[in-house]
Amino acid sequence: MDVGSALGQADRVEFRILGRFEVVDDGRDVTPSRPKERALLALLLIRAGELVSVDEAVDALWGPSPPPAARNAVQGHVSRLRRTLGPERIESRDGYRLRIEDDELDADRFERLVTDARGRPPEARHGLLSEALSLFRGEPLADFRYESFARGESDRIDELRLSALEDRVDAELELRRHGDVVAELERLVQEQPL
């Protein structure tokens with residue numbers, strides 16, 4: 001069975017971490033309902049393509065004092081995620097590795113659009129950055145903002161978002177849309193006084 005067949009066509013699956021955590025398959029919300037499964041999937045998405053050891057997963061889900069059956073619980077969560085995402089999505093070999101396709105993760109799409117905007121003329125840059133910023137539905141990894149496994153990635157994405165906002169404002173100023181950016185600049189100064 002290929003990755004796309006268990007969860008619809010691969011290009012229709014969306015993993016959303018730029019706001020509340022969601023997994024959407026062809027418009028259908030298939031986000032895991034169990035908090036530990038959502039957290040494990042978020043960890044695997046943050047580290048997509050990388051091996052996450054069982055010990056790392058246990059630490060991310062329970063911290064320094066896991067229950068005695070934590071390792072077995074991780075295996076159970078992975079099994080349920082495989083039923084939802086398809087067996088080929090999560091590889092097992094001394095840990096777990098999540099396979100995702102290009103553009104399935106909203107944070108990857110955001111970063112690609114921001115990169116594509118660099119060096120473009122102001123109109124194109126503004127359009128690409130606006131599209132990138134429109135992917136945000138709230139704080140990145142909002143459901144896991146205070147979890148140690150997500151904090152660094154959340155902060156990194158926040159910095160990229162702020163940089164993209166600044167670049168978009170610069171593009172608007174280059175396009176002589178000074179009046180259009182006043183309200184946004186006032187809001188940004190309040191949110192980021194430094």
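For this structure, a couple of remarks:
- Per-residue HN-Hα couplings for the stretch 105-121 [Karplus 6.51, -1.76, 1.60; θ = phi - 60°; Hz; x = Gly/Pro]: 9, 4, 5, 5, 4, 4, 5, 5, 5, 5, 5, 4, 6, 4, x, 7, x
- Leading residue at positive end of dipole, the stretch 1-127 (Cβ point charges), from Ala73, Pro121, Leu40: Ala73
- Glu147 versus Ser130: modelled label distance in nm, points set 7 Å from Cα along the beta carbon direction: 3.5 nm
- Degrees separating the helix 148-174 axis from the principal Cα axis of the chain, which is the longest one: 20 degrees
- Note, ³J(HN,Hα) from phi for the stretch 35-47, Karplus 6.51, -1.76, 1.60, rounded to Hz, x at Gly and Pro: x, 5, 5, 4, 5, 5, 5, 4, 4, 5, 5, 4, 10
- Take 97-109, 118-130 and order them by the average number of nearby Cβ atoms within 10 Å per residue, most first; the result is 97-109, 118-130.
- Portion, in percent, of the accessible area of the chain that falls on carbon or sulfur, probe 1.4 Å: 46 percent
- Per residue accessible area of the chain, 1.4 Å probe, in Å²: 54 Å²
- Note on semi-axes √(5λ) of the Cα gyration tensor in Å: of the candidates [x] 31, 19, 17; [y] 35, 19, 13; [z] 33, 17, 16, the value calculated from this structure sits at [y].
- Over the residues of the chain, the helix contribution to mean residue ellipticity at 222 nm works out to -17500 deg cm²/dmol, using -39500 (n - 2.57) for each DSSP H run of at least 4.
- Amide H contacts for Val30 (H built 1.01 Å from N in the peptide plane; partners 5 or more residues away or on another chain; cut-off under 5 Å): Val23, Val24, Asp25.
- Put a plus charge on the Cβ of each Lys and Arg, a minus charge on the Cβ of each Asp and Glu, and nothing anywhere else: the dipole of the chain about its Cα centre is then about 680 debye.
- Residues with amide H under 5 Å from that of Val52, placed H, sequence gap 5 or more: Tyr96, Arg97
- Mean-position separation - Cα centroids, the stretch 68-116 and the stretch 133-155, in angstrom: 17 Å
The values are calculated or read from the model by the stated rules, or taken from the named source; none is laboratory data. Treat the numbers as computed from the prediction; the structure is a model and nothing was measured. Methodologically, a virtual Cβ is constructed for each residue, glycine included, from the backbone with ideal geometry; neighbour enumeration extends over all protein chains shown. Just so you know, the surface numbers come from the protein's heavy atoms only, side chains and all, with ligands and any DNA or RNA stripped out. Shrake-Rupley method; radii C 1.70, N 1.55, O 1.52, S 1.80 Å.
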